[in-house]
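Below is one structure; the comments refer to it alone.
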Amino acid sequence: MGASASATSQAAPFAPTHQADHQGNGMAEHRRSLQSVNIRNSKAKSIITNKVAPVVITNNCREEFQIHDKIQSANYSMGRISDLLPEHYLVLGEFFMVQDVYSRADVLNTTKSHGSPNFRKVKGNYPLFGMGQPSLSGFKQVLQRLQIDGCEVVIFIYLREEPVVFFRSDGDFIPYTPRGRANLHENVHDLDRELSAEQIELSIRKELCDFAKLSENMFYVYNDIEHFKDEPQQVQILSEEDIHVTEEVYKRPLFSQPLHRYYRLPLPMEGAPLEETIDAFVNILRETPNLSLMRDSSRPLPALLFSCQVGVGRTNLGLILGALVFHHLQGVSKICFYMHNIKNAVYENKLKLKGIGEDYQIQGSSTKGYFLQRTLQSLERYVYLLVFNAYLHDQYPQAFPQSFSQWLCMNAWIYRLLASMDSSELSAPTSRYSLRHEFLATDLLSTAKEMKVANFRRVSKMALYGMAQPNSEALAVVMSYLTDQRRGHSTILWLNLQEELVLEANGQMFTPREPGCLEQPIPVCVQHPQQLQEMELALKQDVLRCEKWLEVITEQDKQMRMFKTCHTIEELFVHQKSIHPGLSYERIPLSDCCAPKEEVFDHLLEAMKSSLAEDSNCAFIFNCHNGKDRTTAAMVIATLTLWHINGFPECEEDEIVSVPDAKYTKGEFEVVMQVVRVLPDGHRVKREVDVALDVVSETMTPMHYHLREIIISTYRQVKCDADAQWLRLRSLQYLERYIYLILFNCYLHLEKKDSWRRSFSQWMYQVAARAGVYAILNHLGFSEFENPDDSPMARLRFRWLPHSVQSIPMRGQLI
């Protein structure tokens, strides 16, 4: 006759529903809210107990509730660390609770004297303090000591991203963290991106209380994970008050010291923090009048206290952020830390990389990959600190009108700079590599028989050609074809778009590959195309000096070959130039499947302008490794450029297409239309790009490849393909490339009056950025179908990294 609902002794926001048959997938279950009933005493007229559950009748006698407090033990998982230790319930379906800080971590030996491990003050005049994880009593001791030292206001910034809970023990609350069986020494990170650490801590506490009720008010924890002496330990849990979450430990003491403040600012263990984390730190500065440049100088600066687990890596990062702030407030003070130096971390890891490179066969690629990743993360952290300091220089005097995220989008060239931190710059070269035969450029256009090169084609009514990478024989055939009596091109600009190293050996094209990474070329980071040519020359000399058989990878198998001849790409063109003086050759490296960098547009436009200035009938030829992706993108750029110079063809009205996803096949994604609305005459600009894409696509119909249509076709594979993450990245890269073509066409329109004296790069950074274009690109995604921000690749910072190009081979991709 009444409604039935569940209730517990204290309402919890997340219900623990970990089934024993799906361990390790528990956090998904924690997003289910427990619909608890909170019955106030004022509403209860009477409570009737029975064998099933108590019944509550409200004062107005209109509501009746039956309260169930039974815990279903089958909802939880059990496990043990080893066969010698007891089995017990596991937190979040798979984790053991381990004491957070072991005594040996307190290198500075300050736990007893100061209340926390590795407590210290930065040398100099700044009120800047760092420490490891304290207990509740230890934190109170730290605050008392700071007060004795004259710190009137303390801003405590807690830097941990992992959940921490505190168990009652001998009048104190001791921190514990969930850890996996595979590595009990490492905290668990990235448990659930949709939940904050505070929410996960509340969920853990609710589970722990349930476990205790199922185990006579006891729960197992681990203090000694080295020797497991007397482990596990039992802790008594009678109610939620026997367990504290982080907010309770750090906020409750502030009621007795109301000038103090507490913030949680999660920093990653390695690498640079996210932009929104820096934004949150800047908000702390905004909210603190005494950290303003307009502050009352008669009042002392607030003390900044940073803390992570041990008080080293993340704490030092926080201390550097704080030191930079105080530097802008008070001037120079030497920043010196006791235990860690970020610049030294970069150098130390690079030295280890060098050692691995010298002994590659012994150490192996996994060790090399680990130290390479650590080196890049340390370097990224250091560079981001430099960027943050530049932000402070620009924004601090103005009281931060822009957040760090907004400022970076207004200075998107910084993202390009960060993306240039390629692994090849740091990785020690090895003397061991294989050569991969590049005949795998499938000849979908069936031109190899006649032209000796795959996928040769021409844009209708234009002197624009595209193809795969030719060898010397194909190059001679193509040049004879272009200069014959019928076509009669006397001036030819050949643009090679390959960013990987390429050699011709014994008349065939090869690229070097590292052992264990045969599916991808050796990563190359160059600031100028000339460096590529120099590296290819050095590679050629290595091949010719090698008086033994070299390993060659073909489509069928591995072979051992001896090379009698070897030439760089530039040498092939130098030879052809001696036969055809009107031939010019340039190397403009493009990344496969990505939007060309702003500078690539500059180089392509400048190369075409210079050639057309000498001969208005100049022919343009583009090639990449297979004549498909990069070649097509460059041909579209060239088509738009020539139309702006020679005049646009008549554009027909958009035809009505009645096919599934027609809207998206036409490129009318929400993010694309958002950009179109920003651009002057944006709809016409987009329509011209679409016509250019169609015109170029007509030259390659057998490929079934269209730079615009591939966006939705790739995205549609995401939900049904094993390579979902890779396909999502690819679809975003295709989408970004389409937007860049629209932006480039807009630039050609707006800057034509000045003959494009301002480069596309300058226009993007000086004009488009201020119109919010990079802010749009920093949240790139398919908002029609999902939240773009759910994927890190929606951000410029991650999408522009080199790893996004070749880290995972795309299914069906030509190599």
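The values are calculated or read from the model by the stated rules, or taken from the named source; none is laboratory data. Not measured: the values here are computed from a predicted model. Using ideal geometry, Cβ is built from the backbone for each residue, glycine included, and neighbour counts are taken over all protein chains shown. Areas reflect the complete protein model, heavy atoms only, side chains present, ligands, DNA and RNA absent. Shrake-Rupley method; radii C 1.70, N 1.55, O 1.52, S 1.80 Å.
Odds and ends about this structure:
- Integer Hz, Karplus 6.51/-1.76/1.60 couplings in order for the stretch 312-322, x for Gly and Pro: 10, x, 5, 4, 5, 4, x, 5, 5, 4, x
- Taken one residue at a time, the phi angles of the stretch 188-195 give Karplus couplings (6.51, -1.76, 1.60, θ = phi - 60°) of 8, 10, 6, 4, 7, 5, 7, 10 Hz. Gly and Pro are set to x.
- Sulfur and carbon atoms: percent of accessible area, the stretch 709-748 [1.4 Å]: 49
- For the stretch 522-617, the set of GluC sites (Glu not before Pro) satisfying both a DSSP loop assignment and a count of at most 13 other C-beta atoms within 10 Å is given as E547, E555.
- Among beta bridges that DSSP assigns inside the stretch 432-647, antiparallel share in %, nearest 5: 50
- Maximal additional length on extending the E241-L85 stretch stands at 53.3 nm, based on 0.36 nm per residue less the C-alpha distance.
- Long-range amide H partners of E499 with built H, under 5 Å: L590
- Surface exposure of the stretch 432-647, expressed per residue as accessible area with a 1.4 Å probe, stands at 43 Å².
- Residue pairs exceeding 30 angstrom between C-alpha atoms, taken from K449/K577; K251/K343; K461/K628: K251/K343.
- In terms of its C-alpha gyration tensor, the stretch 432-647 has a prolate overall shape, because the principal axis ratio a/c (a ≥ b ≥ c, square roots of the eigenvalues) is not below 1.5 and a/b outweighs b/c.
- Sequence-separation-based contact order of the stretch 650-784, relative, with Cα cut under 8 Å and 6+ spacing, percent: 29
- Solvent exposure, largest accessible area first (probe 1.4 Å, DNA, RNA and ligands not counted), of T631, T447: T447, T631
- Averaged per residue, the stretch 650-784 has 45 square angstrom of accessible surface, using a 1.4 angstrom probe with ligands and nucleic acids left out.
- Label sites at R716 and E276, each approximated as a point 7 angstrom past Cα along Cα to Cβ, lie 3.2 nm apart.
- Fraction of accessible area attributable to carbon and sulfur, the stretch 432-647 (%, probe 1.4 Å): 49
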